[in-house]
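**Student:** For reference, the structure I am asking about is given below.
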Amino acid sequence: MSKLGDLGAKLYRGEVGYDFVGKRFVWYGVSILITITAAVALAVQGLNMGIEFKGGAVFTTPKTSVSVAHATEAAEKASGHDAIVQELGTGGLRIQISGLDTDSAASVKKQLGTDLKVDAGQINADLVGPSWGEQIANKAWTGLAIFMVLVVVYLAIAFEWRMAVAALIALIHDLTITVGVYALVGFEVTPGTVIGLLTILGYSLYDTVVVFDGLKEGAKDITKQTRWTFSDVANRSINGTLVRSINTTVVALLPVAALLFIGGGFLGAGMLNDISLSLFVGLAAGAYSSIFIATPLVVDLKEREPAMKALKKRVLAKRAAAAAKGEDVDADTDGRDEDPQVVSQGGQGRRRR
């Protein structure tokens, strides 16, 4: 068995583990700091909205020897607006000009043909009105709202309302960080970006539900024993799925990283950045939030219940008594005073005396 596989087995069995829940205020502080940074970036710099949202024109030229820098200068001079120029694999150029209306597009196209030394008739022009972009934005917001409502309803039914609230906060956390990164780096926001954002929400939710499922099973009849608090069970659930979460996240990030850094960076395929950046940041944030945010939040909410407070008091009292006698409290196999059932590690089975 590999070292990672051996570690995963030990985590799963509870032989080793990291106290994620006990250090939750550290993670909360880190997340608050990142979220504030993202919010400030969004407020100060704003998002670089693409022409799909602002309206404008995209001109695609045939093969030309004109440099990107020269084409950018020519496009901005001809239109009076900022232009984004990308070199295509065909040798042509893709010139994107925001805020250009239909009446001005024809004259800009003609001027570009002269400046770039190509036949203006061979330049393809695609015009996008701002109303279309507004419709796309409204549909995206509507889809996001419906998704959030369905998530809360499903988790409240399948698990409980505390888990639904924690998952919702984690999703908002992931969205805020991803949007903040877009504001910081200045990448253009396009419909591809919206697709990427909606995709990462599903991935983040999947990772969170995996941990919640183990927590739900592990917490069955938890008040009938005196070995573990709810925090202990939550911590064991996180550790039990930790290696799985790492593996799935790494496997998901590798192809996305190839799109972002190789396709978008080295090969200059800028259009790949639209979706790859949102996926890369969102996948990483989703894996982080499912471990460090969602489950610890459930613990904070759950341990406010009188039953869980009483359980924690009994467990701590038992541990203190065992320590005073020099005994190992974990030597008690099940920790139940009268009940024959055992709260299993991560909910993966039950033993009887």
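The values are calculated or read from the model by the stated rules, or taken from the named source; none is laboratory data. Predicted, not measured: the structure shown is a model, and the values here were computed from it. FYI the Cβ positions are ideal-geometry reconstructions off the backbone, even for glycines, and counts take in every protein chain you see. Just so you know, the surface numbers come from the protein's heavy atoms only, side chains and all, with ligands and any DNA or RNA stripped out. Shrake-Rupley method; radii C 1.70, N 1.55, O 1.52, S 1.80 Å.
**Student:** If you go through region 163-175 one residue at a time, do you hit one that is within 22 Å of the chain's Cα centre (by Cα), more than 28 Å from Ala43 (Cα to Cα) and in a helix (DSSP H, G or I)?
**Tutor:** Yes: region 163-175 contains one or more residues that are within 22 Å of the chain's Cα centre (by Cα), more than 28 Å from Ala43 (Cα to Cα) and in a helix (DSSP H, G or I).
**Student:** If you go through region 52-73 one residue at a time, how many are of a type in the set (Gly, Ala, Ser), open to solvent by less than 30 Å² (accessible area, probe 1.4 Å) and in a loop (DSSP other than H, G, I, E, B)?
**Tutor:** 1
**Student:** Would you confirm whether or not region 219-233 contains a residue that is open to solvent by less than 10 Å² (accessible area, probe 1.4 Å), in contact with a Lys or Arg (Cβ under 8 Å, 6 or more places away or on another chain) and farther than 15 Å from Val315 by Cα?
**Tutor:** Among the residues of region 219-233, not one is open to solvent by less than 10 Å² (accessible area, probe 1.4 Å), in contact with a Lys or Arg (Cβ under 8 Å, 6 or more places away or on another chain) and farther than 15 Å from Val315 by Cα, which makes the answer no.
**Student:** Inside region 267-353, counting only helices (runs of 4 or more DSSP H) that do not spill past its ends, which hold 2 or more residues that are of a type outside the set (Asp, Glu), under 23 Å from Leu168 (Cα atoms) and at pLDDT 85 or above?
**Tutor:** Answer list for region 267-353: 273-289, 295-302.
**Student:** Kindly evaluate Asp213 against the criterion of being of a type in the set (Asp, Glu), part of a helix (DSSP H, G or I) and surrounded by 22 or more Cβ atoms within 10 Å (Cβ to Cβ).
**Tutor:** Numbers: of a type in the set (Asp, Glu): yes; part of a helix (DSSP H, G or I): yes; surrounded by 22 or more Cβ atoms within 10 Å (Cβ to Cβ): no.
It is false that Asp213 is of a type in the set (Asp, Glu), part of a helix (DSSP H, G or I) and surrounded by 22 or more Cβ atoms within 10 Å (Cβ to Cβ).
**Student:** Considering each residue of region 12-51, count those that are surrounded by 15 or more Cβ atoms within 10 Å (Cβ to Cβ), farther than 30 Å from Gln96 by Cβ and either at pLDDT 85 or above or touching a His at 6+ places or on another chain (Cβ under 9 Å) (or both), and give that number.
**Tutor:** Number of matching residues: 8.
**Student:** Another one. When you scan region 60-100, how many residues do you find that are closer than 22 Å to Ser131 by Cβ and touching a residue at least 40 places away in the same chain (Cβ under 8 Å)?
**Tutor:** 6
**Student:** Of all residues being over 25 Å from Val189 (Cα atoms) and part of a loop (DSSP other than H, G, I, E, B) in region 92-120, which is least open to solvent (accessible area, probe 1.4 Å)? Just the residue, please.
**Tutor:** Val118
**Student:** Something else now. Just one of Ala322, Ala284, Ala317 is more than 30 Å from Gly202 (Cα to Cα), open to solvent by 40 Å² or more (accessible area, probe 1.4 Å) and small (Gly, Ala, Ser); which is it? Give the derivation first.
**Tutor:** On the way: Ala322 fails: open to solvent by 40 Å² or more (accessible area, probe 1.4 Å); Ala284 fails: more than 30 Å from Gly202 (Cα to Cα).
Every option except Ala317 fails the conditions.
**Student:** Separate question: Out of region 34-59, which residues are touching a Gly at 6+ places or on another chain (Cβ under 7 Å) and more than 27 Å from Trp132 (Cβ to Cβ)?
**Tutor:** Thr37, Ala38, Ala39, Ala41
**Student:** Name the residue that is nearest to Leu168 (Cα to Cα), counting only residues in region 217-233 that are assigned to a helix (DSSP H, G or I) and out of contact with any helix residue (DSSP H, G or I) (no Cβ under 7 Å at 6 or more places or on another chain).
**Tutor:** Pass one, region 217-233, residues assigned to a helix (DSSP H, G or I): 217-218, 222-224, 230-233.
Filter once more, so that each one left must be out of contact with any helix residue (DSSP H, G or I) (no Cβ under 7 Å at 6 or more places or on another chain): 224, 232.
On the way: Lys224: 30, Asp232: 23 Å.
Of everything passing the filter in region 217-233, Asp232 is nearest to Leu168 (Cα to Cα).
**Student:** What number of residues in region 121-130 are surrounded by fewer than 14 Cβ atoms within 10 Å (Cβ to Cβ) and part of a helix (DSSP H, G or I)?
**Tutor:** Number of matching residues: 2.
**Student:** Within region 131-151, which residues are under 19 Å from the mean Cα position of the chain (by Cα) and open to solvent by less than 50 Å² (accessible area, probe 1.4 Å)?
**Tutor:** Ala140, Gly143, Leu144, Met148, Val151
**Student:** Can you tell me which residue in region 68-103 is modelled with the lowest pLDDT, limited to those that are in contact with a helix residue (DSSP H, G or I) (Cβ under 7 Å, 6 or more places away or on another chain) and hydroxyl-bearing (Ser, Thr, Tyr)?
**Tutor:** Taking the candidates together, the pick is Ser98.
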